[in-house]
Amino acid sequence: MESSMKGRAKRRHLGASECDDLVKNIKGNESLTQPFNVNLSNTDPNRGLQPRTPTKRSRQAPGGVGQQKGITSFYAVTGVISTSPQKGTKTPVKDEEEEQEPIGHLIPKEENVEEEKIEDYMEGITEDMFNEDFDIGTSVTSVKKEDDFLEVTVRKEEDEEDLVEALPDAHYGLLGVQGGHEVPKGHFQDLPEEVLREVFAHLPADDLYRNISLVCQHWRAVVMDPRFLPWKKLYCRYRKQQNEALMEVKSILDDNQINKKDDLCLLNMLRYMSQFKHSKCVNVKDVLACIKGHQLYAQAEACIKDRIPDLMDNEGPNPWSAMALILILADGVKDILDLVALLQKSGCLLTAGGISEYLWAVATLLLAMKNNNINISNRWHYNIFYVLHLMENAPPPAGLQDKRQLITHEQQQILNHDIQNNHVVKIMAFAGTGKTTTLVKYAQHRPHMRFLYLAFNKSVAMQAQRSFPYNVECSTVHSMAFRAVGVRYKNMRKLSNNLQVFDVAWVLPEGLGGFVNAKVVTQTLHTFWASVDTCVGSEHVPHKYKNTHGMSEYPDHHKKMAFATAAQKLWDKMVELKSRKERVYNMTHDGYLKLWQLSRPQLDRYDAIFIDEAQDCTPVIMGIMLSQNCGKILVGDPHQQIYTFRGAVNALHAVPHTHIYYLTQSFRFGSEIAYIGAAILDSCKKVKQILVGGNQDGSVRGEDTQTLQHLKLGQRLPEGSVAILSRCNVTVFSEAVRLTDANPSCKIYIVGGVEYFGLDKIMDIWVLMQPEDKRKNESLLIKDYFIRTFCKDKMGGFIGLKGYATASEDRELEGKLAVVEKYNKRIPELVNRIKDRAQKSPVYADFILGTVHKAKGLEFDTVVVTDDFMKVPCARHNLQRIGGFNAANVPDDEWNLLYVAITRAKRALYITKTISNILTFTGEYFLRSRLTSTLLSKDPSVVCSIKGCENHITADAILSMSKLPVRYVESVDAGGVLCLTCVEQRVGPAAFLLAPPERVRSMTYTNERIELPINIAMLLSLL
């Protein structure tokens, strides 16, 4: 322990080991974690560990230069309001032996003999003005003039030895400084309770419970006060499914008839919000005057006047109900931000959490209504939650910003975590949420530690090495295994990229021959390599596979053991450091990784390991890393797991953890794109965490018709990158053909490089497809050895290759065969054209093409999603009519692929009909309200826009709902106004905001004509 003396005040500096020892000691631990709750004697060695405000002998700034100004330099002090519960109404008693210390510029200079007349600006302020907003316990609010508070009591010399001098901190000296003192004189603990409330109101509720309430009893009392942010805390506890919160919310819903059976549940919710408990300082008339400036106020007023007239008075509608209705009718996040801006500008709700507390109340009710299966749109709750998230993570005002990068609350929680050897930390990071930035800052904050960063592929590791500080080593697990094991096989020229089913088929024992059995043995070995097991067993054999007829087979234990034995023998020959002429016995990359795992490597050089893209790690990788005697931080997005076919397991779910954190705010896109990603996670995967974005603009309905026109004509957009993302390579090839057909000079870039797209193999397959005479006469050569093998008569040529692809379930080969069959005679010309128009860099391309697997980790200004992903046949309200579809029955990989494609977009996303149908699962039909009078003034005889519906729009409905147009690449949904019954079919009780239930149900109900995808329509026609 080091110590240094400054006068008679001692400063003690503790090292890391000393702090660790203190943490293990009960008194030492309490002194560090709850310093203001521990009373220690002068002789106790733990005394003085906590921060304390020096009261004397503070250093003077030399020459008064560079002094931090006190807060009173900006605001004149004419009186002091004392509200601290600890101080009460006691008058400071001056000890005879205490010396008086002037408080800087508050004391008139000696040469100023004349006393200035001080005007009392606090006159007329009474205790009642503060009782509602600030809980001050039993203390009495007193207002005293400045000259009554100019004396300061100072501690006696007996405590001087233990004083710890505060360190200069321009951002921490919230109370300013006095005189020429360089060091802040105030401490955060000294802030009045009402100021603490204002500060705490800006923090997430999770922080209030997990951190703030544990600092000291005073802060805990503030946080746990039932009058402090009741709705914000209730929402947090309700999301966490706490029993008391669930019962409290259920009681609110039940007592106010907000339930699924009540047609007027939405109106009942608005009526309940009219009783919102606000501060006595709030003038309700001012709130109403403020919200009248919102563009949706006219609709809210008309609706309340027509449907809930008892909430109207001479001034207008109840402002709390009107605001709730504005939140429901909002077109998106922007409308709610406009409402918040109006309230902030007017200052009518400037109390602790005033605006946000109201939003939390509405958000809690809407979330509870959705959880109780009331048919409302998830978008209503999402919009409010999104705005609240932006408010909690808002940047500081322009004058207070510095050069440091802004950090969200979620990122700060991770940065505050000090990793220990026994910690397994999971960071669940949604798309574009800055996980790499967070890891970089984590390492920067700990320069004394040594980190290992493991990436999924080499290019990511190389990029990371340029971003991380010097104390981080970046690598891939395969490169580490290669240096330790794989290099031996390379030196012997016994190393191959992968194990081919075709090669395995020729070395299997009698009775296990053929491509189907070879496929099973190959899959068995891949499963073994991905596992942590020491030898091949029956558990590694697939429990189901397809035979030569495409039928599923389920091997029994005896057959599984036969497959496992054959796989083990093959593996033993691969492991031998002995050259063989058969390529099938070569070691593979996954093979030497497995050997490295079996050698039980120890990575003792590192204090912690960052494991990136943990959702795509195999058990063998996790086995290597989790066995290390250091901290492990697993980072990734469990919803971007798209490599299960390679044996990947979702380590973010499977591996036990000691700590877990979430990154849910994406910096890549705004609310419109974020909502589509969140809708897929919510409706298709039942994910509870909510993906949000930033404050930037974005479009998802094809609003930019110029971009659509450029897409159809294959012409470059004026600015920004445009990516067309597909599920499979067949569609990528088709898009390249479409663009170059429309515009022969179109420049394209294929993600991953055109040289790795397999155009040469496509050409070889086309040559194989040609008659033997034509191949000889035109000197058509097949370059690929494997494809050339099928030229032999016994292999069956093109038909034989196709049969092999089916038997081995080689999806990549099947895709290339499909391309050749689709374009047939055009293949040579198309292959040459694509090679010619392909660019080496996306910078020079008009359009970027690729599969989602290749585009993972990338981002583009504009993304077009092709229609070869998982199909959803129709909108939610029509699903029961066709039956047979359940999102829970679809493999997670399919939803993950769609989620990854959507979250590559930064500014514009062009969706498919399937994505539109998925949005309806969350109640988002793109319906927006309009005043019926305005609608009918343009056309008095408006008819419902739904095909087959002949209902007219009538003036007795005060509001009408219109569907916004959605433009797809190949078609347009023009949208239009909907009748009352069509609105009820889609969004249930929202229809009763427009008209009474009896009026809605008096109209004719129409079953919409469903336009099904061709494959589903053909299947239904056979039933």
Before I look further, what does segment 717-918 give for accessible area per residue, probe 1.4 Å, in whole square angstrom? 45 Å²
Two pseudo-spin positions, 7 Å from Cα along C-beta at HIS589 and at ASP254, lie apart in nanometres by 6.0 nm
Determine one quarter of the surface area of the Cα convex hull of segment 925-1021, which equals its mean projected area, and express it in nm² to one decimal. 7.3 nm²
For segment 418-440 and segment 760-829, what is the separation of their Cα centres, given in Å? 47 Å
For TYR545, residues with placed amide H under 5 Å, excluding near neighbours: GLU553
Contour minus Cα-Cα distance for ARG1001 and ASN211 (0.36 nm per residue): 279.1 nm
Students often get this wrong: which residues of segment 495-519 have the backbone nitrogen under 13 Å from the point 7 angstrom along Cα-to-C-beta of GLU821? none
Please go through the residue pairs LYS458/LYS546; LYS573/LYS632; LYS546/LYS783; LYS835/LYS856; LYS285/LYS688; LYS688/LYS712 and name each one whose alpha carbons sit more than 28 Å apart in this structure. LYS458/LYS546; LYS573/LYS632; LYS546/LYS783; LYS285/LYS688; LYS688/LYS712
Roughly how far apart, in whole Å, are the Cα centres of segment 496-551 and segment 292-317? 70 Å
Given a cut-off of 27 Å, name the pairs among LYS519/LYS569; LYS559/LYS686; LYS232/LYS280; LYS345/LYS435; LYS822/LYS854 whose C-alpha atoms lie farther apart than that in the structure shown. LYS559/LYS686; LYS345/LYS435
How would segment 532-657 be classified by its alpha-carbon gyration tensor: rounded, prolate or oblate, with rounded meaning a/c under 1.5 and the a/b versus b/c comparison settling the rest? oblate
Given 20 °C and 1.002 mPa s, how large is the Stokes-Einstein diffusion coefficient of segment 496-586 in µm²/s, with Rh as the Kirkwood radius over Cα pairs? 160 µm²/s
Rounded, prolate or oblate (a/c below 1.5 giving rounded, otherwise prolate when a/b exceeds b/c) for segment 677-743 by Cα gyration tensor: oblate
FRET efficiency estimate (nearest 0.05) - Cβ-Cβ, HIS543 to ASP697, R0 35 angstrom: 0.10
Taking θ = phi - 60°, what integer Hz values does the Karplus form 6.51 cos²θ - 1.76 cosθ + 1.60 yield along segment 671-684, in sequence order, with x for Gly and Pro? 5, 5, 5, 4, 5, 5, x, 5, 5, 5, 5, 6, 7, 9
Using the Karplus equation 6.51 cos²θ - 1.76 cosθ + 1.60 (θ = phi - 60°), what ³J(HN,Hα) coupling, rounded to whole Hz, does each residue of segment 409-421 give in order, writing x for Gly and Pro? 4, 5, 5, 5, 4, 5, 5, 7, 7, 8, 5, 10, 4
Leaving out ligands, DNA and RNA, what percent of the accessible area of segment 925-1021 is carbon and sulfur, probe 1.4 Å? 57 percent
With a ≥ b ≥ c taken as the square roots of the eigenvalues of the C-alpha gyration tensor of segment 268-314, please select rounded if a/c is under 1.5 and otherwise prolate if a/b is larger than b/c or oblate if it is not? oblate
So, for segment 496-586, what is the accessible surface per residue at a probe of 1.4 Å, expressed in square angstrom? 54 Å²
So who's got an amide H within less than 5 Å of the one on TYR453, skipping anything under 5 residues away but keeping other chains? H placed 1.01 Å off N, in plane. GLU473, CYS474, SER475, PHE610
³J(HN,Hα) computed for each position of segment 451-456 - Karplus, 6.51 cos²θ - 1.76 cosθ + 1.60, integer Hz, glycine/proline x: 10, 10, 9, 10, 9, 7
Scattering profile of segment 717-918 from the Debye formula, Cα beads only, expressed as log10 I(q)/I(0) at q = 0.14, 0.17, 0.19 Å⁻¹, is -0.91, -1.15, -1.29
Round to the nearest 10 and report in Å² the accessible area of THR707, as given by a 1.4 Å probe over the protein chains' heavy atoms. 10 Å²
So how much slack lies between ARG466 and ASP572, counting 0.36 nm per residue of separation and subtracting their Cα-Cα distance, in nm? 34.1 nm
Linear extension gain, GLU719 paired with MET312, 0.36 nm per residue minus alpha-carbon span: 141.4 nm
With every protein chain left in place, what is the accessible area per residue of segment 252-394 in square angstrom, probe 1.4 Å? 39 Å²
Which cross-chain or sequence-distant (5 or more) residues have an amide H under 5 Å from the amide H of PHE667, H modelled 1.01 Å from N in plane? THR433, GLY434
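The values are calculated or read from the model by the stated rules, or taken from the named source; none is laboratory data. Small disclaimer: the values here were computed from a predicted structure and weren't measured. Heads up, the Cβs are rebuilt from the backbone with ideal geometry, glycines too, and the neighbour counts pull from every protein chain shown. These area figures cover heavy atoms from the full protein model, side chains too; ligands, DNA and RNA do not enter into them. Shrake-Rupley method; radii C 1.70, N 1.55, O 1.52, S 1.80 Å.
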